[in-house]
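Q: My questions will all concern the structure given below.
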Amino acid sequence: MKISRRLSTLGLACGLALGLSGVAVTAHAQTTMRINISVAKDSHQGVGIDTFAQEVEQRTGGRYKIQTFYSGSLGGERESIEAVQLGTHELTFTSTGPVPNFVPEARILDIPFLFRDKAHARAVLDGPIGQDMLTKFDSKGIKALGWGENGVRHMTNNRRAVNSPDDLKGLKMRTMENPVHVAAYKGLGIVTTPMAFPEVFTALQQGTVDGQENPLSVIMAAKFVQVQKHMSLTGHVYSPAIFLMNKGVFDKLSAADKQHFLEAAKVAVKANRERVDADDTRGVADLKAQGMQIVENVDKQRFMAQLQPVYADFERQFGKENIDRIRNFK
Ligand code: EAX
């Protein structure tokens, strides 16, 4: 597929009279690109792409315009990564849910209880391990611009309060289309139903699944409180997010513009993470006020103990030393 066909290059007349001075500015071309997310605009990811768009436009003096699309209007996350790979969209901001289907090396980041907290995860992603992982996208036709964040995931459902792994037995839950999550949740006794995010609200509403798991940011942005009674602060897995761009499109940028795009992603990541922190701070009170039943004190050790056989399998698959390198990163 020809990438350039998708880039609408508009001749933008910047040579309009500048105020009363009458000085003409050199005319320049404007290139429009698209970026999308699967969640609503008023969210940690919305803030991320809005900031990215502003920063790119500002840093390139308006030569690049980034159009933003929300709520899965251009497709779910797997479809969007595919579209970026093919060049049918230039950019996407996505959780790592479907990423292993494209870059298997990234699976390791989705292991439950891998990170102690957000600070640990951010340090790993911003450090050599995370930065090296970004380069693994290159050979797949994708330029990874930077690690953002989806947040720490918690479980919600309509059947019962979840206090321990025993309460998960037989619960039918939507999961991301992610092999690591699916293996782990099966290990917890959950009946897993992988599904793209844009279908989740309806699936919960119609009872196709009993529950789902997502960070507070997503739970709030998606208004899951309208279709879910119970939530447990399981904090069972950290969910990274990532800015992805079609590699051919990135490679065609001038050296200076490449830098502008990378810097824009950095600023966007900062805004995205700040919103995750704000959502985590207000989320529990906010959802309680809306009627959600919340189990706040979850014994995470019991969940980890239940996952031992799955961990043993992950160690075989990913190498114990690679997992330990992340766990022990300071
Ligand atoms: O990226 O699919 C998911 O559950 C994701 O967390 C969500 O789309 C936000």
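Each reported figure results from applying straightforward, stated rules to the coordinates on display, with no laboratory input. All figures in this text were calculated on a predicted structure; none of them were measured in a lab. Using ideal geometry, Cβ is built from the backbone for each residue, glycine included, and neighbour counts are taken over all protein chains shown.
Q: Just to be sure I understand: with springs between alpha-carbon atoms less than 10 Å apart, which residue in Ala265, Ala255, Ala83 has the highest mean-square fluctuation in the Gaussian network model of the chain?
A: It is Ala255.
Q: Tell me which aspartates and glutamates have Cα within less than 14 Å of Lys186's Cα, excluding those fewer than 8 residues away on the same chain?
A: Counting by Cα, and skipping residues close in sequence, Lys186 has these aspartates and glutamates nearby: Asp166, Asp167, Glu177, Glu213, Asp313.
Q: Right, something else. Which whole-Hz ³J(HN,Hα) couplings does the stretch 31-37 yield from phi under the Karplus relation 6.51 cos²θ - 1.76 cosθ + 1.60, θ = phi - 60°, glycine and proline marked x?
A: Rounded to whole hertz, the list is 10, 9, 10, 10, 9, 9, 9.
Q: Take Arg159, Arg174, Arg316 and order them by how many other Cβ atoms sit within 10 Å, fewest up front.
A: Arg316, Arg159, Arg174
Q: Hey, got the dipole for the chain? About the Cα centre, +1 on K and R Cβ, -1 on D and E Cβ, debye to the nearest 20?
A: 260
Q: For the chain, with a Gaussian network of springs between Cα atoms less than 10 Å apart, report the residue from Thr202, Thr234, Thr193 with the top mean-square fluctuation.
A: The residue with the greatest mean-square fluctuation here is Thr202.
Q: May I pose another question? Can you list residues whose amide H is under 5 Å from Ile142's amide H, if they're 5+ apart or on another chain and H is modeled 1.01 Å from N?
A: Lys247
Q: Further question: Relative contact order (percent) for the stretch 2-327, with alpha-carbon contacts under 8 angstrom and 6 or more residues of separation?
A: Normalised by residue count, the contact order of the stretch 2-327 is 23 percent.
Q: Right, here's the next one. Quick one: 3J(HN,Hα) in Hz for the stretch 321-330, Karplus 6.51/-1.76/1.60 with θ = phi - 60°, rounded, Gly and Pro as x.
A: 3J(HN,Hα) across the stretch 321-330, in whole Hz: 5, 5, 5, 5, 4, 6, 4, 8, 5, 10.
Q: Setting aside same-chain residues fewer than 8 positions from Lys140, which lysines have a Cα under 18 Å from its Cα?
A: Hits, sequence-local ones excluded: Lys2, Lys247, Lys252.
Q: Any idea what the dipole of the stretch 246-330 comes to, in debye rounded to 20, about its Cα centre with Lys/Arg Cβ at +1 and Asp/Glu Cβ at -1?
A: 200
Q: Looking at the stretch 243-330, which GluC sites (Glu not before Pro) are DSSP coil and have at most 13 other C-beta atoms within 10 Å of their C-beta?
A: Glu296
Q: Once amide H atoms are built 1.01 Å from N in the peptide plane, which residues 5 or more positions from Val295, or in another chain, come under 5 Å H to H?
A: Residues meeting the criterion, in which the H sits 1.01 Å from N, are Met231, Ser232, Leu233.
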